[in-house]
Each structure stands twice: as structure tokens, then as C-alpha cells.
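> I'd like to ask some things about the structure below.
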Amino acid sequence: MRDRQVSRNARRAREFEAFVAGAAGRLLHAATLLTAEAPHANPRARRLLALALAHTYARWDRLHGEDPYDCARQYLATRFARATWHQYVAFVRTRPDPRSPLAALTPQERLILVLRLYEGVAEEQAAAVLGLPRERVHTICDRATATLLHPARPTAPRTAGPKVAPS
């Protein structure tokens, strides 16, 4: 009996290691986009990834044919949404890296944009994960896309023309 359990645990560990080897890079990139951190300095994204992988490993035996990547991605998204909400509530919001292309977006816009455009999740599925109506997800995705495609230009301070002395 003990040998069978050891064998099962070893097989589980090998399967999970193979999953991590194939999926960790893409999940880390998605987490980095969510947190809008620089790719070389992304502690929040790495923490999100570690939590998502730990959650997936804990559920590994109960996945029964489900895609472990979907499980990890869903946990990553819900954990980010929950953490962002608590940071806003506590007024301890961390600022994204200003060089990030997604820094101009709100966390919710980043989350929906990453799920829809980077991960290719359907609107209905993204809405179910986030607990939002499908129309709301569509509207937020459109607004975020418009913000990225047409960034607000900084307004230059107006200066008065040269003063002409009255003659």
C-alpha cells in the first residue's frame, strides 16, 4: 500500500513539474501584465504565479480531465481581482510601472484585457470568472482597448503670445 502511494505521489510530482515547465512562462507573463510591473522587476507577479501554482497543485488530483492551465489562470485572475479590491479599500494601492504599456489602465481594465486579448478567454467565460455581466466585460474591454490605441496626449501649458507694447 505504501509503495503505491509513493508511486502515485512521484507520478503526480512529475506531471505537475511538466505542467509548470510548459505553462509557468505564459502565466508569469500574464501576471506581469496584470500587475503592470517591469518584466525584470515583478515581485507581485511572481507572488501571484506562486499562489496560482500552489492552488493548482493542491487541486491536482481533483482536476479529473480539466485543463490545469485553466485552473491556474482562473485562480490568478480571481486572486488579482480580490487583492486589487482590498488594496483599493485600504487605500494602499501600489502604482504600476509607468513604462508598462498597460499602466494607464485601471486594474479591472488590465484584468479584462489580459483575459480577453492575451489569454483569448471568451466574454461569457471572463464574465463568469469575474462575476460581471457579459455586457459589462464587453464595455470595459472596448474602453481599455480604446485607451491603449488612443492614449491621452499631455496638454502643453498655454503661453500667451508675445506682448506688444502699445504705440
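The values are calculated or read from the model by the stated rules, or taken from the named source; none is laboratory data. Worth saying up front: this structure is predicted, and the values here are computed from it rather than measured. Here Cβ is always computed from backbone atoms with ideal geometry, including for glycine, and neighbour counts include all displayed protein chains. Side chains included, ligands, DNA and RNA excluded: accessible areas come from the protein's heavy atoms. Shrake-Rupley method; radii C 1.70, N 1.55, O 1.52, S 1.80 Å.
> Does Ala10 meet the test of being assigned to a helix (DSSP H, G or I) and surrounded by 14 or more Cβ atoms within 10 Å (Cβ to Cβ)?
no
> Looking at this structure, is Gln74 out of contact with any helix residue (DSSP H, G or I) (no Cβ under 9 Å at 6 or more places or on another chain), open to solvent by 80 Å² or more (accessible area, probe 1.4 Å), polar (S, T, N, Q) and assigned to a helix (DSSP H, G or I)?
In short, no.
> If you scan the stretch 34-50, which residues turn out to be part of a helix (DSSP H, G or I) and open to solvent by 40 Å² or more (accessible area, probe 1.4 Å)?
Answer for the stretch 34-50, where residues must be part of a helix (DSSP H, G or I) and open to solvent by 40 Å² or more (accessible area, probe 1.4 Å): Pro43, Arg44, Arg46, Arg47, Ala50.
> Follow-up question, since we're still on this one. Go through the stretch 57-66 and give me each residue that's surrounded by fewer than 12 Cβ atoms within 10 Å (Cβ to Cβ) and free of Cβ contacts under 8 Å to residues at least 12 places away in the same chain.
Ala58, Arg62, His64, Gly65, Glu66
> Would you be able to tell me the number of residues in the stretch 93-122 that are in contact with a Cys (Cβ under 7 Å, 6 or more places away or on another chain) and either more than 14 Å from Phe80 (Cα to Cα) or open to solvent by 60 Å² or more (accessible area, probe 1.4 Å) (or both)?
Count: 1.
> Would you mind stating whether His64 is at positive phi and either at pLDDT 95 or above or of a type outside the set (Val, Ile, Thr) (or both)?
Yes.
> Hey, among the residues in the stretch 6-26 that are under 18 Å from the mean Cα position of the chain (by Cα) and of a type in the set (Gly, Ala, Ser), which one's farthest from Ala45 (Cα to Cα)?
This residue is Ala23.
> Only one of Arg26, Arg46, Arg2 is under 22 Å from Ala128 (Cβ atoms) and of a type in the set (D, E, K, R). Can you tell me which?
After applying the criteria, what remains is Arg26.
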